[in-house]
Amino acid sequence: MRLGVAFAWHRHPWEELLALVREAEALGYDAAFVDGDVSMLDKRREADVLDGWTVTAALLALTERISIGSIRVVHHWNAARLAQAAATAERLAPGRLLFLVSIGDRASDARFGLPQLPPAERIRWLDEALGAARRLWRGESVSVDGRHVQLRGARVRPTPPNGRIPVWIAAQRPRMLEVVAEHADGWEINLPPLPGLVQRAEAQLEAACRERGRDPHEIARSMWIFARVDESADAARALVEYRRLNPWFGRIPDEQIAPALVVGSAERCRERLAEIAGSLRLELPVIDLSGLEAAATRRCLEALAPTNYSVDAPT
């Protein structure tokens, strides 16, 4: 089964993170995700908070096969610089950059002088930036006079093969799903694996695709799935940890979120991951090991490695 793995929340220092990503590569994982542009300096205090783009580029250089992803937040980047950075990564490690973008929302952005904009404006910014990036990757000289993106004859060299870099967008709400329908090659389903919630978002995406004359089935799907290999299957402890690491899903009651957690023996976790991947038609389910110490991360990596599955997820 195709699988990705996520190492987030700045849990690992660089040397440890590199070793874990290399181990995931050796075990057959297709992708590794690391922390992105959003700063956690207010949460991690004196721990290392490594810049996501720098780490992404370094991991691409220091691995051989595995794809590397970390989220780019639109208001942290000039649109042409973002397109140039992605094109450079594609030139250095062809086909291995997972270009994932979204709008972000973190109060600590203000510490860095980043704009504090309402969601509607950040969504408009993302729409403008991706439209410009697509044209730049095709080799065009691009001028844009948008609300948030202003370019005057910007160009990107080298351009990627076929003038394209696959774009993945993390989204869950209707307006963001319209941006997915407009620009995305892949939808990072920014929800827990709860069929009712995913089906509602899926219906909204399909409607947005119909409006644009696009087949929604041509958009690949990915989702981060919280997983802990634990023979005791301590669901209460897992729920507390999940809540700490995923505060943005606080609106979902405990009794509803509990079934979304993949916790238990290695065999049971593998069964649940295969079930979720199949039922939600995920091309790339991502095992979320964020927050775990290194030893526990390695145990989960080995227990849930792609070669341990007998049932294939959809391709």
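The values are calculated or read from the model by the stated rules, or taken from the named source; none is laboratory data. A quick note: this is a predicted structure, and the numbers were derived from the prediction, not measured. Reconstructed Cβ throughout: ideal geometry from the backbone, glycine too, with neighbour counts over all protein chains shown. Heavy atoms of the whole protein, side chains included, go into the accessibility calculation; ligands, DNA and RNA do not. Shrake-Rupley method; radii C 1.70, N 1.55, O 1.52, S 1.80 Å.
Can you classify segment 236-311 as rounded, prolate or oblate using the Cα gyration tensor, where a ≥ b ≥ c are the square roots of its eigenvalues, rounded means a/c under 1.5, and otherwise it's prolate if a/b beats b/c and oblate if not? Please list the in-between numbers first.
Details: a/c = 1.95, a/b = 1.27, b/c = 1.53.
It is oblate, given that a/c is not under 1.5 and a/b is not larger than b/c.
Of interest is the spacing of the C-alpha centroids, which for segment 1-70 and segment 189-265 amounts to 21 Å.
Give me the percent of DSSP beta bridges within the chain that run antiparallel, rounded to the nearest 5. Intermediate results must be reported in sequence, preceding the final value.
Details: 3 of 37 bridges.
Beta bridges within the chain, antiparallel portion: roughly 10 percent.
Relative to the longest principal axis of the C-alpha atoms of the chain, give the angle of the C-alpha long axis of helix 119-137, reported between 0 and 90° and rounded to the nearest 10°. It is inclined by approximately 70 degrees. Applying the Karplus relation 6.51 cos²θ - 1.76 cosθ + 1.60 with θ = phi - 60° to segment 108-114 yields 3J(HN,Hα) values of 5, 3, 4, 5, 9, x, 7 Hz, where x marks Gly and Pro.
Dipole magnitude for the chain: computed about the Cα centre from +1 point charges on Lys and Arg Cβ and -1 point charges on Asp and Glu Cβ, it is near 900 debye.
In segment 157-313, the alpha-carbon atoms span a convex hull of 151 Å³ per residue.
I'd like the FRET efficiency for ARG268 and THR54, computed as 1/(1 + (r/R0)^6) with the beta carbon distance as r and R0 of 35 Å, rounded to 0.05. Efficiency at R0 = 35 Å is approximately 0.40. Near the amide H of GLY69, within less than 5 Å, lie the amide hydrogens of ALA32, PHE33, VAL34, LEU98, all on another chain or at least 5 residues away, with H placed in the peptide plane. In a simple Cβ point-charge model (Lys, Arg +1; Asp, Glu -1; nothing else charged), segment 1-156 has a dipole of about 480 debye relative to its Cα centre.
Projecting the Cα atoms of PRO253, PRO94, ILE66 onto the charge dipole of the chain (Cβ charges, centred on the Cα centre) puts PRO94 farthest toward the positive pole.
Seen against the Cα atoms of the chain and their longest principal axis, helix 79-92 is set at about 60 degrees.
Selection among ALA129, ALA184, VAL263 by position relative to the dipole of the chain gives ALA129 as farthest towards the positive end (Cβ unit charges, Cα centre). Placing dummy labels 7 Å off each Cα toward the beta-carbon, the span from SER310 to ARG281 is 2.7 nm.
To the nearest 500 deg cm²/dmol, what mean residue ellipticity at 222 nm is calculated for the chain from DSSP H runs of n ≥ 4 alone, each contributing -39,500 (n - 2.57), summed and divided by the residues?
Numbers: 11 runs with 127 residues, N = 315.
It comes out at -12500 deg cm²/dmol, rounded to the nearest 500.
Scanning residues 5 or more positions from PHE226 or on other chains, those with amide H under 5 Å from its amide H are VAL262, ASP288, with H placed 1.01 Å from N in the peptide plane.
Note on the chain: Kirkwood hydrodynamic radius from all Cα pairs is 20.1 Å, rounded to one decimal. Accessible area per residue for segment 205-315 is 48 Å², calculated with a 1.4 Å probe on protein heavy atoms, without ligands, DNA or RNA.
What FRET efficiency comes out for the pair ASP254/ASP145, r = Cβ-Cβ distance, R0 = 45 Å, nearest 0.05? Working shown, then result.
Working: r = 49 Å, r/R0 = 1.08.
With R0 = 45 Å, the Cβ-Cβ based efficiency is 0.40.
To the nearest 0.05, what FRET efficiency results for ALA47 and ALA107 with a Förster distance of 22 Å applied to their C-beta separation? Once rounded, the FRET efficiency stands at 0.70. For segment 10-124, what D do you get in µm² per second when you plug the Kirkwood radius from alpha-carbon pairs into Stokes-Einstein at 4 °C and 1.567 mPa s? For the chosen part, D equals 86 µm²/s.
Against the chain, whose longest principal axis is taken from its Cα atoms, helix 174-183 shows a tilt of about 70°. With the highest mean first, a sort of the peptides 279-287, 243-251 on other beta-carbon atoms found within 10 angstrom per residue produces 279-287, 243-251.
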